[in-house]
Amino acid sequence: MAHVVHFELSVPNPEQAVAFYRGVFGWSASKLPDPVNYWQLQTSEALTQQGIPGGIVESRSGEARVSVTVQVDSIDEVCAQVTRLGGRLITERLRVPGYGVHVLCRDPQGCYFALLEPFAME
């Protein structure tokens with residue numbers, strides 16, 4: 001079954017968002033190397049605790065949004081379903097090293113979500 005594996009906050013000022021969520025929830029954050037202004041969030045202290053990892057990224061449009069990433073078995077099949085049911089694919093398929101293939105989408109009402117088909121374990 002497809003399930004949520006990640007969330008992302010796209011905001012105009014990532015540093016301010018990092019400070020806010022650190023202060024409110026105690027989440028830790030680590031900045032990834034450029035070219036994108038992206039921070040990985042750790043929402044639990046140990047892997048044994050429940051929590052979905054997240055990230056904060058600088059918004060290209062200047063608008064704030066929240067999206068979730070849903071892990072799927074076949075990104076091609078799910079992308080076809082997204083468009084068939086009135087959604088849109090916002091990005092091309094992107095290979096994310098160490099994770100899998102990623103596509104950003106919008107549902108018919110404008111909500112963002114992402115799909116991730118993980119790479120097979122070798």
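The values are calculated or read from the model by the stated rules, or taken from the named source; none is laboratory data. Since the model is a prediction, treat every value here as computed from it, not as a measurement. Methodologically, a virtual Cβ is constructed for each residue, glycine included, from the backbone with ideal geometry; neighbour enumeration extends over all protein chains shown. Remember, those area values only see protein heavy atoms, side chains included, never the ligands or the DNA or RNA. Shrake-Rupley method; radii C 1.70, N 1.55, O 1.52, S 1.80 Å.
For this structure, a couple of remarks:
Per-residue answers, yes or no, for (1) within 17 Å of the chain's Cα centre (by Cα); (2) surrounded by 12 or more Cβ atoms within 10 Å (Cβ to Cβ); (3) part of a strand (DSSP E or B):
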| residue | (1), (2), (3) |
| --- | --- |
| Leu41 | yes, yes, yes |
| Gln50 | no, no, no |
| Val57 | yes, yes, yes |
| Ser61 | yes, no, no |
| Val66 | yes, yes, yes |
| Thr69 | yes, yes, yes |
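- Among residues of the stretch 6-57, those that are charged (D, E, K, R) and in contact (Cβ under 8 Å) with a residue 24 or more places away in the chain, counted: 1
- Looking across the stretch 14-27, the residues that are surrounded by 15 or more Cβ atoms within 10 Å (Cβ to Cβ) and either within 17 Å of the chain's Cα centre (by Cα) or part of a loop (DSSP other than H, G, I, E, B) (or both) come down to Pro14, Ala17, Val18, Tyr21, Trp27.
- Pairs, first open to solvent by 40 Å² or more (accessible area, probe 1.4 Å) in the stretch 74-93, second small (Gly, Ala, Ser) and assigned to a loop (DSSP other than H, G, I, E, B), C-beta under 8 Å, six or more apart: Val78/Ala2
- Number of positions in the stretch 98-117 that are open to solvent by 20 Å² or more (accessible area, probe 1.4 Å), touching an Asp or Glu at 6+ places or on another chain (Cβ under 9 Å) and of a type outside the set (A, V, I, L, M, F, W, C): 3
- For Asp73, the conditions (1) assigned to a loop (DSSP other than H, G, I, E, B); (2) at pLDDT below 90 all hold with the exception of (2).
- For the stretch 42-84, a residue qualifies if it is over 23 Å from Pro12 (Cα atoms) and among the β-branched types (Val, Ile, Thr), and the qualifying residues are Thr48, Val70, Val72, Ile75, Val78, Val82, Thr83.
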